[in-house]
Amino acid sequence: MGVYDVKRMYCIFIIVVLCLICLGCGKRDSVSRFNREYEKYNSEYIELDLGDSSFVHYSNLDEVNKIIREGTGVIFIGSPKDNLSRRVVSVLFEVVDNTDLDKIYYLDSLDEIEGIDSIDSLKMPLVLFVLEGKIVSYRVGTIDDKVDLSDDELIELYNFYSDGVHKVLQDACDESC
């Protein structure tokens, strides 16, 4: 092997390492984007310490509408400047930690979303549980649109989201279990 071949292999090795570093930095940045967006308002709204948010997928209107028409997933529509959305986030993250759900589609606007016209009092936060193009469950707001929930209310909200996630994952136990 000549000097030219060694230099060439060394350059290829350096390029591969740099590409891996860049990919890792990009992944870390997208993972923390949601955290940064929500946690930057901790001084103005209820405080959040979100931890890992790698399962949050910033979505767009086309993708969300396609899921509602023919896909499967959990869609969270909320705003970092809304205390109810912030409360929902903390409970949803806990549900994700305790289930096999690996992605929540996130959108920050209700405008032009298809198939949600029948939902009463359409507002944020809204969590949709969609299975094969059918909304199998949804929740608008929290319990009685309260931010400060009692322990029992937090458990009720957690259980509602957990049931919705299990419907989407199709691992929910019904009467036949």
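The values are calculated or read from the model by the stated rules, or taken from the named source; none is laboratory data. The model shown is predicted, which means the values in this text are computed figures rather than measured ones. Using ideal geometry, Cβ is built from the backbone for each residue, glycine included, and neighbour counts are taken over all protein chains shown.
For this structure, a couple of remarks:
- If you go through segment 53-83 and keep only what is in contact (Cβ under 8 Å) with a residue 40 or more places away in the chain and over 22 Å from Val136 (Cβ atoms), you end up with Ser53, Tyr58, Asn60, Ser79, Pro80, Lys81, Asp82, Asn83.
- Residue count for segment 140-156 satisfying the condition of being aliphatic (A, V, I, L, M), in contact (Cβ under 8 Å) with a residue 24 or more places away in the chain and within 17 Å of Lys123 (Cα to Cα): 1.
- Selection status of Leu110, part of a loop (DSSP other than H, G, I, E, B) and in contact with a Lys or Arg (Cβ under 9 Å, 6 or more places away or on another chain): yes
- The set of residues in segment 151-177 being of a type in the set (S, T, N, Q) and at pLDDT 95 or above consists of Asn159, Ser162.
- Matching entry among Asp144, Asp120, Asp49, Asp82 (being at positive phi and either touching a Cys at 6+ places or on another chain (Cβ under 6 Å) or of a type in the set (Asp, Glu) (or both)): Asp144
- When residues of segment 31-55 are limited to those that are outside any loop (DSSP other than H, G, I, E, B) and modelled with pLDDT of 85 or more, the one surrounded by the fewest Cβ atoms within 10 Å (Cβ to Cβ): Arg36
- For the criterion of being in a helix (DSSP H, G or I), closer than 27 Å to Ile155 by Cβ, more than 10 Å from the chain's Cα centre (by Cα) and at pLDDT 95 or above, Val64 fails.
- Among the residues of segment 67-89, those that are within 14 Å of the chain's Cα centre (by Cα) and either outside any helix (DSSP H, G or I) or of a type in the set (Asp, Glu) (or both) comprise Thr72, Gly73, Val74, Ile75, Phe76, Ile77, Gly78, Ser79, Pro80.
- Verdict on Val140 being farther than 12 Å from Val88 by Cβ and in contact with a strand residue (DSSP E or B) (Cβ under 7 Å, 6 or more places away or on another chain): no
- Some residue of segment 67-75 being out of contact with any strand residue (DSSP E or B) (no Cβ under 7 Å at 6 or more places or on another chain), of a type outside the set (A, V, I, L, M) and crowded, with 16+ Cβ neighbours inside 10 Å: no
- Against the conditions (1) in contact (Cβ under 8 Å) with a residue 60 or more places away in the chain; (2) outside any loop (DSSP other than H, G, I, E, B); (3) more than 24 Å from His57 (Cα to Cα), Val130 satisfies every one except (3).
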